[in-house]
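I have placed the structure first, in the form of C-alpha coordinates, so that the comments after it can refer back to it.
The values are calculated or read from the model by the stated rules, or taken from the named source; none is laboratory data. Note that the structure is predicted; figures quoted are calculated from it, not measured. Glycine gets a Cβ as well: all are built from the backbone with ideal geometry, and neighbour counts include every protein chain shown. Note: accessible area is taken over every heavy atom of the protein model, side chains too, but ligands, DNA and RNA are not part of it. Shrake-Rupley method; radii C 1.70, N 1.55, O 1.52, S 1.80 Å.
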Amino acid sequence: MTERDPSPRSDPANQADRPDIFAALRPRLFAIAYRMLGTRADAEDVVQDAWLRWHGAAQDGLASAEAWLVTVATRLAIDRLRTRKSEREAYIGWWLPEPLVELDERTPESAAELASDVSVAFMWVLERLAPEERAAFLLRQVFDQDYADIASMLEKSEAACRQLVHRAQQRVQQEQPRFDVPKDTHRALLGKFMQAAAAGDRAAMKAMMSDQVQLVADGGGKVNSYLHILHGAGRVAGSFWSLEHEFPGKVVYRPAFINGEAGLLRYVDGKLESAQSFIVDDGRIVAVFIMRNPDKLASIPQFI
(Lines give C-alpha, C1' and ligand atoms only; values in the text may rest on other atoms or scores of the structure.)
Protein backbone atom coordinates (compact mmCIF):
# COMPACT_ATOMS: atom_id res chain seq x y z
CA MET A 1 0.00 0.00 0.00
CA THR A 2 1.60 3.27 -1.04
CA GLU A 3 1.85 6.33 1.16
CA ARG A 4 0.83 8.96 -1.37
CA ASP A 5 -1.44 11.81 -0.31
CA PRO A 6 -4.96 10.35 -0.49
CA SER A 7 -6.83 13.49 -1.57
CA PRO A 8 -6.33 16.67 -3.60
CA ARG A 9 -5.57 20.01 -1.99
CA SER A 10 -7.90 23.00 -1.98
CA ASP A 11 -8.40 25.99 0.28
CA PRO A 12 -5.97 26.46 3.20
CA ALA A 13 -7.20 25.03 6.50
CA ASN A 14 -6.72 26.58 9.89
CA GLN A 15 -4.14 24.51 11.79
CA ALA A 16 -5.88 25.39 15.07
CA ASP A 17 -9.07 23.68 13.86
CA ARG A 18 -7.37 20.33 13.27
CA PRO A 19 -7.96 18.83 16.74
CA ASP A 20 -11.66 19.69 16.55
CA ILE A 21 -11.99 18.25 13.04
CA PHE A 22 -10.24 15.04 14.07
CA ALA A 23 -12.26 14.70 17.28
CA ALA A 24 -15.50 14.96 15.30
CA LEU A 25 -14.36 12.21 12.90
CA ARG A 26 -12.72 9.97 15.49
CA PRO A 27 -15.80 7.75 16.14
CA ARG A 28 -16.09 7.03 12.41
CA LEU A 29 -12.39 6.19 12.13
CA PHE A 30 -12.60 3.88 15.15
CA ALA A 31 -15.71 2.22 13.69
CA ILE A 32 -13.92 1.47 10.42
CA ALA A 33 -10.74 0.25 12.11
CA TYR A 34 -12.56 -1.96 14.62
CA ARG A 35 -14.66 -3.62 11.92
CA MET A 36 -11.50 -4.23 9.95
CA LEU A 37 -9.38 -5.55 12.82
CA GLY A 38 -11.72 -6.83 15.52
CA THR A 39 -9.80 -5.56 18.54
CA ARG A 40 -10.04 -2.28 20.40
CA ALA A 41 -6.26 -1.97 20.80
CA ASP A 42 -5.55 -2.39 17.09
CA ALA A 43 -8.37 -0.01 16.18
CA GLU A 44 -7.10 2.63 18.60
CA ASP A 45 -3.56 2.21 17.22
CA VAL A 46 -4.89 2.87 13.73
CA VAL A 47 -6.75 5.96 14.94
CA GLN A 48 -3.62 7.21 16.72
CA ASP A 49 -1.49 6.65 13.61
CA ALA A 50 -4.10 8.50 11.54
CA TRP A 51 -3.94 11.40 14.01
CA LEU A 52 -0.14 11.58 13.75
CA ARG A 53 -0.34 11.70 9.96
CA TRP A 54 -3.14 14.25 10.11
CA HIS A 55 -1.19 16.40 12.57
CA GLY A 56 1.96 16.22 10.45
CA ALA A 57 0.31 16.78 7.07
CA ALA A 58 1.08 19.87 5.01
CA GLN A 59 -0.43 23.15 6.20
CA ASP A 60 -2.55 23.81 3.13
CA GLY A 61 -6.12 22.58 3.23
CA LEU A 62 -7.73 19.39 1.97
CA ALA A 63 -10.67 18.99 -0.38
CA SER A 64 -12.28 16.81 2.30
CA ALA A 65 -10.84 16.13 5.74
CA GLU A 66 -13.18 13.17 6.15
CA ALA A 67 -12.15 11.58 2.86
CA TRP A 68 -8.47 12.06 3.69
CA LEU A 69 -8.77 10.56 7.17
CA VAL A 70 -11.02 7.68 6.13
CA THR A 71 -8.55 6.80 3.37
CA VAL A 72 -5.59 6.90 5.73
CA ALA A 73 -7.38 4.84 8.39
CA THR A 74 -8.54 2.27 5.82
CA ARG A 75 -5.05 1.82 4.38
CA LEU A 76 -3.51 1.56 7.83
CA ALA A 77 -6.11 -1.05 8.83
CA ILE A 78 -5.49 -3.11 5.68
CA ASP A 79 -1.73 -3.07 6.30
CA ARG A 80 -2.21 -4.06 9.94
CA LEU A 81 -4.66 -6.82 9.02
CA ARG A 82 -2.13 -8.25 6.58
CA THR A 83 0.57 -8.33 9.26
CA ARG A 84 -1.89 -10.02 11.63
CA LYS A 85 -2.74 -12.76 9.12
CA SER A 86 0.03 -15.12 10.23
CA GLU A 87 -0.89 -14.51 13.88
CA ARG A 88 -4.53 -15.36 13.19
CA GLU A 89 -3.51 -18.52 11.31
CA ALA A 90 -1.44 -19.66 14.32
CA TYR A 91 -4.16 -18.73 16.81
CA ILE A 92 -5.27 -21.62 19.02
CA GLY A 93 -8.93 -22.41 18.48
CA TRP A 94 -11.51 -20.06 17.00
CA TRP A 95 -10.82 -16.32 16.72
CA LEU A 96 -13.63 -14.04 17.86
CA PRO A 97 -13.47 -10.24 18.09
CA GLU A 98 -12.68 -8.35 21.27
CA PRO A 99 -16.14 -7.48 22.63
CA LEU A 100 -17.21 -3.86 22.94
CA VAL A 101 -19.13 -3.94 26.20
CA GLU A 102 -21.48 -1.44 27.81
CA LEU A 103 -22.97 -2.40 31.17
CA ASP A 104 -25.67 0.27 31.04
CA GLU A 105 -27.34 2.27 28.31
CA ARG A 106 -24.84 3.20 25.65
CA THR A 107 -23.05 6.53 25.75
CA PRO A 108 -23.33 8.93 22.78
CA GLU A 109 -19.75 8.07 21.71
CA SER A 110 -20.28 4.33 21.81
CA ALA A 111 -23.62 4.72 20.03
CA ALA A 112 -21.78 6.48 17.22
CA GLU A 113 -19.17 3.72 17.10
CA LEU A 114 -21.94 1.12 16.87
CA ALA A 115 -24.18 3.08 14.53
CA SER A 116 -24.24 0.22 12.04
CA ASP A 117 -23.96 -3.53 12.25
CA VAL A 118 -21.01 -4.58 14.39
CA SER A 119 -22.48 -7.66 16.03
CA VAL A 120 -20.17 -10.50 17.03
CA ALA A 121 -21.91 -12.71 14.47
CA PHE A 122 -21.22 -10.15 11.73
CA MET A 123 -17.57 -9.82 12.79
CA TRP A 124 -17.28 -13.62 12.79
CA VAL A 125 -18.26 -13.68 9.11
CA LEU A 126 -15.95 -10.77 8.20
CA GLU A 127 -13.00 -12.87 9.37
CA ARG A 128 -13.51 -15.05 6.28
CA LEU A 129 -12.83 -12.13 3.92
CA ALA A 130 -9.47 -11.08 2.51
CA PRO A 131 -8.23 -7.66 3.77
CA GLU A 132 -9.13 -5.63 0.64
CA GLU A 133 -12.39 -7.56 0.25
CA ARG A 134 -13.27 -6.72 3.82
CA ALA A 135 -12.38 -3.05 3.37
CA ALA A 136 -14.35 -2.66 0.14
CA PHE A 137 -17.40 -4.41 1.58
CA LEU A 138 -17.41 -2.36 4.78
CA LEU A 139 -16.85 0.96 3.04
CA ARG A 140 -19.70 0.28 0.62
CA GLN A 141 -22.28 -1.66 2.61
CA VAL A 142 -21.73 -0.28 6.12
CA PHE A 143 -20.32 3.22 5.59
CA ASP A 144 -22.10 3.98 2.29
CA GLN A 145 -19.03 5.19 0.38
CA ASP A 146 -19.42 5.46 -3.39
CA TYR A 147 -17.31 3.28 -5.65
CA ALA A 148 -15.20 6.17 -6.91
CA ASP A 149 -14.06 6.94 -3.37
CA ILE A 150 -13.47 3.25 -2.58
CA ALA A 151 -11.39 2.91 -5.75
CA SER A 152 -9.28 5.90 -4.71
CA MET A 153 -8.80 4.56 -1.19
CA LEU A 154 -7.81 1.07 -2.34
CA GLU A 155 -5.97 2.24 -5.44
CA LYS A 156 -8.00 -0.04 -7.69
CA SER A 157 -10.44 0.46 -10.53
CA GLU A 158 -14.10 0.95 -9.78
CA ALA A 159 -14.85 -2.30 -11.62
CA ALA A 160 -12.40 -4.18 -9.41
CA CYS A 161 -13.97 -2.68 -6.29
CA ARG A 162 -17.44 -3.64 -7.43
CA GLN A 163 -16.22 -7.20 -7.87
CA LEU A 164 -14.65 -7.20 -4.40
CA VAL A 165 -17.91 -6.00 -2.86
CA HIS A 166 -19.98 -8.49 -4.85
CA ARG A 167 -17.88 -11.47 -3.76
CA ALA A 168 -17.84 -10.32 -0.14
CA GLN A 169 -21.59 -9.71 -0.11
CA GLN A 170 -22.26 -13.19 -1.46
CA ARG A 171 -20.16 -14.75 1.28
CA VAL A 172 -21.70 -12.64 4.03
CA GLN A 173 -25.24 -13.44 2.90
CA GLN A 174 -24.42 -17.13 2.66
CA GLU A 175 -22.79 -17.39 6.08
CA GLN A 176 -24.92 -14.93 8.04
CA PRO A 177 -28.65 -15.15 7.28
CA ARG A 178 -30.47 -12.10 8.60
CA PHE A 179 -32.75 -12.53 11.60
CA ASP A 180 -35.06 -9.60 12.31
CA VAL A 181 -35.79 -9.95 16.01
CA PRO A 182 -37.10 -7.01 18.08
CA LYS A 183 -34.58 -5.92 20.69
CA ASP A 184 -37.09 -6.34 23.50
CA THR A 185 -37.76 -9.93 22.41
CA HIS A 186 -34.04 -10.66 22.25
CA ARG A 187 -33.46 -9.15 25.68
CA ALA A 188 -36.43 -10.92 27.27
CA LEU A 189 -35.29 -14.33 26.02
CA LEU A 190 -31.78 -13.72 27.35
CA GLY A 191 -33.24 -12.73 30.70
CA LYS A 192 -35.01 -16.08 30.95
CA PHE A 193 -31.94 -17.92 29.73
CA MET A 194 -29.77 -16.13 32.29
CA GLN A 195 -32.03 -17.32 35.11
CA ALA A 196 -32.04 -20.89 33.81
CA ALA A 197 -28.27 -20.93 33.35
CA ALA A 198 -27.63 -19.52 36.83
CA ALA A 199 -29.91 -22.19 38.28
CA GLY A 200 -28.30 -24.95 36.25
CA ASP A 201 -31.69 -25.81 34.74
CA ARG A 202 -30.55 -27.82 31.74
CA ALA A 203 -34.04 -28.65 30.47
CA ALA A 204 -35.14 -25.00 30.54
CA MET A 205 -32.01 -23.90 28.68
CA LYS A 206 -32.46 -26.62 26.07
CA ALA A 207 -36.09 -25.58 25.53
CA MET A 208 -34.93 -22.06 24.64
CA MET A 209 -32.51 -23.29 21.96
CA SER A 210 -32.98 -24.36 18.38
CA ASP A 211 -32.22 -28.01 17.72
CA GLN A 212 -29.48 -26.81 15.35
CA VAL A 213 -27.96 -24.28 17.74
CA GLN A 214 -24.19 -23.91 17.61
CA LEU A 215 -21.66 -22.59 20.12
CA VAL A 216 -18.34 -20.98 19.18
CA ALA A 217 -15.83 -20.25 21.96
CA ASP A 218 -12.56 -18.30 21.90
CA GLY A 219 -9.96 -19.02 24.58
CA GLY A 220 -6.92 -18.24 22.46
CA GLY A 221 -4.91 -20.93 24.19
CA LYS A 222 -4.87 -18.78 27.33
CA VAL A 223 -7.73 -20.61 29.07
CA ASN A 224 -9.54 -23.90 28.51
CA SER A 225 -12.07 -23.62 25.71
CA TYR A 226 -13.76 -25.69 23.03
CA LEU A 227 -11.52 -26.19 20.01
CA HIS A 228 -14.48 -27.39 17.95
CA ILE A 229 -17.86 -25.79 17.35
CA LEU A 230 -20.54 -27.42 19.50
CA HIS A 231 -23.77 -28.34 17.71
CA GLY A 232 -27.19 -29.22 19.09
CA ALA A 233 -29.33 -28.00 21.96
CA GLY A 234 -28.32 -30.86 24.24
CA ARG A 235 -24.58 -30.25 23.94
CA VAL A 236 -24.81 -26.46 24.13
CA ALA A 237 -27.16 -26.48 27.14
CA GLY A 238 -24.90 -29.09 28.70
CA SER A 239 -21.89 -26.78 28.43
CA PHE A 240 -23.69 -24.19 30.57
CA TRP A 241 -24.97 -26.82 32.99
CA SER A 242 -21.54 -28.38 33.49
CA LEU A 243 -19.99 -25.09 34.62
CA GLU A 244 -22.73 -24.53 37.20
CA HIS A 245 -22.35 -28.17 38.27
CA GLU A 246 -18.57 -27.69 38.68
CA PHE A 247 -18.94 -24.40 40.59
CA PRO A 248 -22.32 -24.65 42.37
CA GLY A 249 -23.60 -21.29 43.51
CA LYS A 250 -20.51 -19.48 42.18
CA VAL A 251 -21.64 -18.75 38.61
CA VAL A 252 -23.23 -15.33 38.17
CA TYR A 253 -24.55 -13.77 34.94
CA ARG A 254 -24.87 -10.05 34.32
CA PRO A 255 -26.71 -8.52 31.35
CA ALA A 256 -24.70 -6.19 29.14
CA PHE A 257 -24.68 -4.65 25.68
CA ILE A 258 -22.09 -6.56 23.65
CA ASN A 259 -21.26 -5.03 20.29
CA GLY A 260 -24.53 -3.16 20.34
CA GLU A 261 -26.75 -6.13 21.20
CA ALA A 262 -28.06 -7.64 24.42
CA GLY A 263 -25.63 -10.21 25.76
CA LEU A 264 -24.30 -11.67 28.99
CA LEU A 265 -21.18 -11.44 31.10
CA ARG A 266 -20.40 -14.56 33.12
CA TYR A 267 -18.51 -14.44 36.41
CA VAL A 268 -17.19 -17.53 38.18
CA ASP A 269 -16.32 -17.21 41.86
CA GLY A 270 -16.51 -13.42 41.50
CA LYS A 271 -14.12 -13.17 38.53
CA LEU A 272 -15.02 -12.46 34.91
CA GLU A 273 -14.92 -15.68 32.91
CA SER A 274 -16.47 -14.70 29.56
CA ALA A 275 -18.53 -12.31 27.46
CA GLN A 276 -21.35 -13.98 25.54
CA SER A 277 -23.27 -12.96 22.45
CA PHE A 278 -26.41 -14.71 21.17
CA ILE A 279 -28.26 -14.94 17.86
CA VAL A 280 -32.01 -15.36 18.27
CA ASP A 281 -34.55 -16.40 15.64
CA ASP A 282 -38.21 -17.35 15.95
CA GLY A 283 -38.08 -17.25 19.75
CA ARG A 284 -35.09 -19.60 20.02
CA ILE A 285 -31.34 -19.19 20.45
CA VAL A 286 -29.65 -20.33 17.23
CA ALA A 287 -26.02 -19.44 17.97
CA VAL A 288 -23.84 -18.55 20.96
CA PHE A 289 -20.46 -16.84 20.79
CA ILE A 290 -18.37 -17.02 23.96
CA MET A 291 -15.26 -14.86 24.27
CA ARG A 292 -12.99 -16.24 27.02
CA ASN A 293 -9.52 -15.10 25.96
CA PRO A 294 -8.50 -12.90 28.93
CA ASP A 295 -6.58 -10.52 26.65
CA LYS A 296 -9.90 -9.63 25.00
CA LEU A 297 -11.74 -9.15 28.30
CA ALA A 298 -9.26 -6.72 29.88
CA SER A 299 -11.44 -3.62 29.34
CA ILE A 300 -14.47 -5.20 31.10
CA PRO A 301 -14.97 -5.04 34.89
CA GLN A 302 -13.09 -8.10 36.12
CA PHE A 303 -14.96 -8.60 39.39
CA ILE A 304 -18.60 -8.58 40.36
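Loop-only trypsin sites (Lys or Arg not before Pro) in segment 114-153, please: DSSP not H, G, I, E or B, and at most 15 other Cβ atoms within 10 Å.
On the way: sites: Arg128, Arg134, Arg140; in loops: Arg128.
Here the trypsin sites (Lys or Arg not before Pro) that fit, given the DSSP loop and packing criteria, are Arg128.
Stokes-Einstein D for segment 88-238 at 20 °C, 1.002 mPa s, Kirkwood Rh over Cα pairs, in µm²/s?
Details: Rh = 18.2 Å.
Approximately 118 µm²/s, per Stokes-Einstein.
Show me, for segment 18-30, the HN-Hα J-couplings you get by feeding each phi into the Karplus relation (A = 6.51, B = -1.76, C = 1.60, θ = phi - 60°), rounded to Hz, glycine and proline as x.
4, x, 5, 4, 5, 4, 5, 8, 4, x, 5, 5, 5
In vacuum, with every alpha carbon of segment 112-174 counted as one equal point scatterer, what does the Debye formula give for log10 I(q)/I(0) at q = 0.27, 0.28 Å⁻¹? Two decimals, please.
Taking Cα atoms of segment 112-174 as identical point scatterers yields -1.17, -1.23.
Tell me, what HN-Hα J-couplings in whole Hz come from the Karplus equation 6.51 cos²θ - 1.76 cosθ + 1.60 at θ = phi - 60° for each residue of segment 83-90, using x for Gly and Pro?
Here the 3J(HN,Hα) series is 5, 7, 4, 5, 5, 5, 5, 8 Hz.
How many nm is it between the label spots at His166 and Ile21, if each spot is 7 Å from the Cα in line with the beta carbon?
Spacing of the two 7 Å Cα→Cβ label points: 3.7 nm.
At a 1.4 Å probe radius, carbon and sulfur cover how many percent of the accessible area of the chain? Before the final figure, lay out each step's value.
Working: 7220 of 14360 Å².
The C+S portion of the solvent-accessible surface of the chain is 50 percent.
Can you give me the relative contact order of the chain as a percent, contacts being Cα pairs under 8 Å and 6 or more apart? Don't jump to the answer; show the numbers that get you there.
On the way: 477 pairs, mean separation 56.4, N = 304.
After rounding, I find 19 percent.
With n ≥ 4 as the cut-off for DSSP H runs, can you work out [θ] at 222 nm for the chain, using -39500 (n - 2.57) per run divided by the number of residues, rounded to the nearest 500? List each step's numbers first, then the result.
Working: 11 runs with 145 residues, N = 304.
Computed ellipticity for the chain at 222 nm equals -15000 deg cm²/dmol.
Under 18 Å Cα-Cα from Lys222, which aspartates and glutamates qualify once same-chain neighbours fewer than 8 residues away are excluded?
The reachable aspartates and glutamates, counting only those whose Cα sits under 18 Å from Lys222, are Glu87, Glu89, Glu98, Glu273, Asp295.
Which residue, Gly38, Gly232, Gly260, has the most motion in a Gaussian network model of the chain that connects Cα atoms within less than 10 Å?
Per the Cα network of the chain with a 10 Å cutoff, Gly232 tops the list.
Translational D (Stokes-Einstein, µm²/s) of the chain at 10 °C and 1.306 mPa s when Rh comes from the Kirkwood sum over C-alpha pairs?
Numbers: Rh = 20.7 Å.
It comes out at roughly 77 µm²/s.
Run down the lysines and flag those whose C-alpha is under 24 Å from the C-alpha of Lys206, throwing out any fewer than 8 positions away in its chain.
Candidates past the 8-residue exclusion: Lys183, Lys192, Lys250.
Just need the Rg to Rh number for segment 189-301, please, alpha carbons only, Kirkwood Rh.
Values: Rg = 12.9 Å, Rh = 14.0 Å.
My calculation of the ratio gives 0.92.
Based on DSSP loop calls and a cut-off of at most 16 other Cβ atoms within 10 Å, the longest stretch of the chain free of exposed chymotrypsin sites (Phe, Trp or Tyr not before Pro) is what? Write down the numbers at each step before the final one.
Numbers: sites that count: Tyr91, Phe179.
That gives 180-304 as the longest site-free run.
Report, in debye and to the nearest 20, how large the dipole of the chain comes out about its Cα centre when Lys and Arg carry +1 and Asp and Glu carry -1 on their Cβ.
Numbers: 37 positive and 43 negative charges, 174 e Å.
Value, rounded to 20: 840 debye.
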